[in-house]
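Have a look at the structure below, then the notes.
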Amino acid sequence: VATYIAAISAVHSVLPKVEQVGGSHETVMMGGKVVVVGGNDLACFAAEALSSLGVQVCLVTTGNPKVRPTIKGSAGKVEILKPAMGSDGIGFSEHVGQFDSLLDTISNERPLNSDPRPSLEIDEEEDDGDADDPLASFSLASSRSVLNLLKSRHNCHTYVSTLTHCQSLVAKEGLIGGPRKADEYAKQVGQQSFVASNKECQPMLPWSNLGSTLESLLDAGVLFPAKSRDKLYQKSKSVRGWTLSDFWEQSTWPRDSSGSAQTRFGLPVVEDPNLEDEPLIAEAPFRPGTGVKRRASSSFEDFDFSNKDDYLEDAPPTPRQENPFVYQVAGVQGVKTEIMEKESDCILFLSAKFCKTCKLIDPQYTRMARIAKNPEAEDSPSPIVFTKAETSGRWGKELGRYLQVEAVPAFILFRKGKRFGSALSVSKLPSKKIDRALFLLESGADWDPDVLREDEKSK
């Protein structure tokens, strides 16, 4: 029974099927390639099951799953991948290339209230929002971009998510209130009276050829263990709940961008073809009414923290650390405590919520940080700390004044906690200017603006 239930959602629904050449229309052979996201018990079962049916499987996870790479008597194979592949840290979808289906066991890329069917057919007549508002269009497109790009870039026509409502509740509420709400939901929905009276509960018609798929799995000895099922159905025998391992993998998966596009790294993301021509968005670092620029400081002692007129007395809220490669700092106080007082060798990315260019280059900045910290790279990991700060709002504008930054995106370097060189303004990454500046910082050489200008001329 456990194998039957798991096979419906995690195996049969994502099977690529090819008709036998010259054979009956009812006869199909399995093949193709499927990407399975997650390292949990359900994902491992799906990977082995699909492999036993002759499918080439790429199991993508941040952990170290125990899964058989091959099943005896089958041409299929399981390859375990990380979200970022190789020394260049390219995403798993780019690494795999084309594939037929994607099974997502830890999240759901479908917009809310969308058609739950696996097919990724795109409605070309669908409204793309206000074409005159690039930020609105960017936000609207990000909710559908992953599904659309899976089809257009990777020829993936089937996306299936096995994320349950219990998993969603824990992901949304966290470990404080989420488990209680998830358990209450599982108990409520698991009652026969709820199923009989709730209009949203509908009978499911049998899938075509499901019996043949199940028979093949049983013949190959691929079973979903009862122990794994008991772990997933602790609060209700009919409602799949959540596990701590799923929560941690979902919450710690590296993100490819921020703001309106919270895409997990490795999945395809929208890239702006006009990024190179995108102008910098200026925001002058002035205090309203003064019209006076503040001198950029090389040491936090130059900034008078005892003078109420010189800085905002209340401390900014502590930023959430959602990116494992880039550390978020907030305001002058954050730069003081997290960079200057710690005497860090650091690059600080100054961004703004209203800045489209900042949103678009943010994934590339994360990629830079990830590659620099890659322990498997040929060179030793870089000691440079990658940080980011917001320049909008009260504390952000004060930080812009303090660092004398007049436009974003901008990058500030620190050597042993003291400012190193001038602010760097670029509208795309990777950048020769940034690479050369980081080389000067890490090598211990003096700041040399002529070297940066030479790089600019060579572009």
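The values are calculated or read from the model by the stated rules, or taken from the named source; none is laboratory data. It should be emphasised that the depicted structure is a prediction, and the values quoted were computed from it without experimental measurement. Reconstructed Cβ throughout: ideal geometry from the backbone, glycine too, with neighbour counts over all protein chains shown. We work out accessible area using only protein heavy atoms, side chains counted, and drop any ligands, DNA or RNA first. Shrake-Rupley method; radii C 1.70, N 1.55, O 1.52, S 1.80 Å.
Observations on the model:
- Members of the stretch 79-89 that are surrounded by 14 or more Cβ atoms within 10 Å (Cβ to Cβ) and either out of contact with any strand residue (DSSP E or B) (no Cβ under 8 Å at 6 or more places or on another chain) or over 12 Å from residue 39 (Cβ atoms) (or both): 79, 84, 85, 89
- Output for the stretch 1-23, where each listed residue is in a helix (DSSP H, G or I) and either modelled with pLDDT under 50 or not hydroxyl-bearing (Ser, Thr, Tyr) (or both): 2, 5, 6, 7, 8, 10, 12, 14
- Yes/no for residue 181 being within 26 Å of residue 356 (Cα to Cα) and out of contact with any Ser or Thr (no Cβ under 8 Å at 6 or more places or on another chain): no
- Selection of the stretch 177-203 for residues being in contact (Cβ under 8 Å) with a residue 40 or more places away in the chain and open to solvent by 100 Å² or more (accessible area, probe 1.4 Å) yields only 187.
- Any hit, the stretch 314-327, residues being open to solvent by 80 Å² or more (accessible area, probe 1.4 Å), farther than 19 Å from residue 369 by Cβ and of a type outside the set (A, V, I, L, M): yes
- Complete set of residues in the stretch 24-50 that are at pLDDT 75 or above, open to solvent by 10 Å² or more (accessible area, probe 1.4 Å) and over 20 Å from residue 242 (Cα atoms): 32, 33, 48
- Complete set of residues in the stretch 27-65 that are within 16 Å of residue 105 (Cα to Cα) and free of Cβ contacts under 8 Å to residues at least 60 places away in the same chain: 44, 46, 47, 50, 57, 58, 59, 64, 65
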